[in-house]
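Notes follow once the structure below has been shown.
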Amino acid sequence: MASGPSALARAGWTDVVRLSVLGLLPTLAQGVVIRRPLMVRLAAALDTNAWGCRVLDGLRERHGPGPLLVTVPGRTALVLLSADDARRVLEETDVAFTTANREKVAALSHFEPGGALITRGAARAERRAFNEAALEQAAGPWFQEACRTAVREETQPLLAGGGLTWKRFHGAYQGVVRRVVLGDAARDDERITELRDKLRGDGNWFMLHRRRHRLRAELFERTRRHLDRPEPGGLARAVRATPATADVDPVAQTQHWLFAYDAAAIGAYLALGLLTHHPEQAARARADDVYLRACVLESQRLWPTTLGILRDTTTETRRPDGRVLPAGTAVIFVSSYFHRDARRLPYADRFAPEIWLDGRAEAEWSVAPFSRGPARCPGRDVVLLTSSAFLAELLRRDWRPASSHRLGPGGPLPRTADHTSLRFTTG
Ligand code: HEM
């Protein structure tokens, strides 16, 4: 991308206003680190992601598929518009592009300073390696068993009766997350979830919110206590078994896991929404765990919980037209734009779990709910295991939609989804 032949197209001020008002503002309003339910509801009612996608489509039509240069006072950014550029940026992560983008660092530092994703250089390589090595151990039968047991027990109250709301689903899923990440002894440590969510709320404001050092110290201390138990369970056991260099604070890495698992709950709940509107696929998902995992992935494609993948350039680059892009230029991959690109994806706006089984999704680098390349999510398999186990338990009952979401096959699926008001009944 940086060495592409053509001059960079530059967004005019009207483009910048449209991008800000129709794309950026609704995204920020919903909360990039923790969702604000009222704003999510409003965004879904207006289908604001569709606005953002239309703006990007229009820019691509006018300026061509190359990355679009957007400048506002104090910040320069490249907005990616083609799948080829997206691939290049994801592949060249850790070389020409860093994951430690300025805004991402500001948002995530509130609760996970020292996390791999917001680290640069040699320390990043060590932290990434630690995450990979620890999370790989989750493929072991001991973890699969621990995860399935936690899921079976925590979903009991949901199966025992009553309708299903996001609040009930989320409460049960959070119980699983604490057990799966920190061990069964952390099951009732709701304070840890509360601290995490308060600090995530601060993260929604990036550098505009002051750092709450005391809350963060309490979060880290509570986490450390679980990791330091004589026989830690869940992923804490993998943490114990993974050597950490001086540059790796395992507590900080675990904060990312606790945070990122929340996206898994949203994706799983929306997957249930899709399945209750697609009986044929639901029947297959009940019988086939691999297909159920594909449904979880497909929910993440349709409504990516990572709203955008952000990078900063690592070095100054001189373009063929003589323009110099400073190091630290932001690069933006808008997930909902690429995941619903009807020019490339015939299945763009419909529920198509089969694309995750027949190689089509794998072949498309621009379909990247768990990112791709050197920063690809090392927690992907853990998420798929947890969410598919959770849904498999729930699918033992015949849930029907009890809210009016347009999740059926009758028309294109909306670009924006509201998980918070989605309800189900068995009555
Ligand atoms: C549905 C849930 C999840 C989604 C959609 C997701 C997605 C992602 C994405 C898109 C990235 C890369 C961001 C980038 O390229 O800038 C990422 C990174 C990461 N994810 Fe996940 N993730 C999820 C859950 C998890 C969980 C549960 C864990 C751990 C147990 C985890 C661990 C990580 C780590 C450690 C990184 C940083 C990788 C790096 O710095 O190279 N994720 N995830």
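What follows draws every value from the coordinates through simple rules; no lab data is involved. Just so it is clear, the model here is predicted, and its values are computed rather than measured. Cβ: placed from backbone, ideal geometry, glycine included. Neighbour counts: every protein chain shown.
Where is the GNM fluctuation largest for the chain (alpha-carbon springs, 10 angstrom cutoff): 80, 345, 135?
Evaluated over the chain, the most mobile residue of the options is 345.
Grab the beta carbon distance between residue 403 and residue 318, set R0 = 51 Å, and tell me the FRET efficiency rounded to 0.05.
Working: r = 54 Å, r/R0 = 1.05.
Plugging the Cβ-Cβ distance into 1/(1 + (r/R0)^6) gives 0.40.
Could you work out how much longer the chain between residue 84 and residue 36 gets when fully extended? Use 0.36 nm per residue separation minus the Cα distance between them, nm to one decimal.
Using 0.36 nm per residue and subtracting the Cα-Cα distance, I get 13.9 nm.
What 222 nm value per residue comes from the helices of the chain, counting each DSSP H run with n ≥ 4 as -39,500 (n - 2.57) and dividing by all residues, nearest 500 deg cm²/dmol?
The helix contribution divided over the chain gives -16000 deg cm²/dmol.
Could you give the size of the charge dipole of the range 1-152 about its Cα centre, using +1 on the Cβ of each K and R and -1 on the Cβ of each D and E, expressed in debye and rounded to the nearest 20? Could the numbers behind the result be given before it?
Working: 19 positive and 15 negative charges, 97 e Å.
Here the range 1-152 has a charge dipole of around 460 debye.
Using the per-residue mean of other Cβ atoms lying within 10 Å as a proxy for protection, in what order, highest first, do the peptides 111-123, 401-413 fall?
Most protected by this proxy first, the peptides run 111-123, 401-413.
Sort the following peptides by mean Cβ neighbour count (other Cβ atoms within 10 Å, averaged over residues), highest first: 102-109, 293-300.
By packing density, highest mean first, the sequence is 293-300, 102-109.
What's the magnitude of the charge dipole for the range 34-105 around its Cα centre, counting Lys and Arg as +1 and Asp and Glu as -1 at the beta-carbon? Answer in Debye, nearest 20.
Roughly 400 debye, rounded to the nearest 20.
Explain nothing, just the number: dipole magnitude of the chain about its Cα centre with +1 on each Lys and Arg Cβ and -1 on each Asp and Glu Cβ, in debye rounded to the nearest 20.
Dipole about the Cα centre, nearest 20: 980 debye.
Relative contact order of the range 130-246: what whole-number percent is it, with Cα pairs under 8 angstrom and at least 6 residues apart?
Taking the mean separation of contacting Cα pairs over the length of the range 130-246, I get 35 percent.
Write down the percent of antiparallel bridges among all DSSP beta bridges whose residues are both part of the range 9-425, to the nearest 5.
Here the antiparallel bridges make up roughly 75 percent for the range 9-425.
Of the peptides 382-391, 231-240, how do they stack up when ordered by the mean number of other Cβ atoms within 10 Å, highest first?
Top to bottom by mean Cβ count within 10 Å: 382-391, 231-240.
I'd like to verify something in the chain: which complete DSSP H helices, judged by Cα projection on the helix axis, reach 24 Å or more and average at least -1.0 on the Kyte-Doolittle scale?
Flagged H segments are 141-159, 250-277.
Roughly what would the spin-label model give for residue 205 and residue 71, points 7 Å off Cα along C-beta, in nm?
In this crude label model, residue 205 to residue 71 measures out at 3.1 nm.
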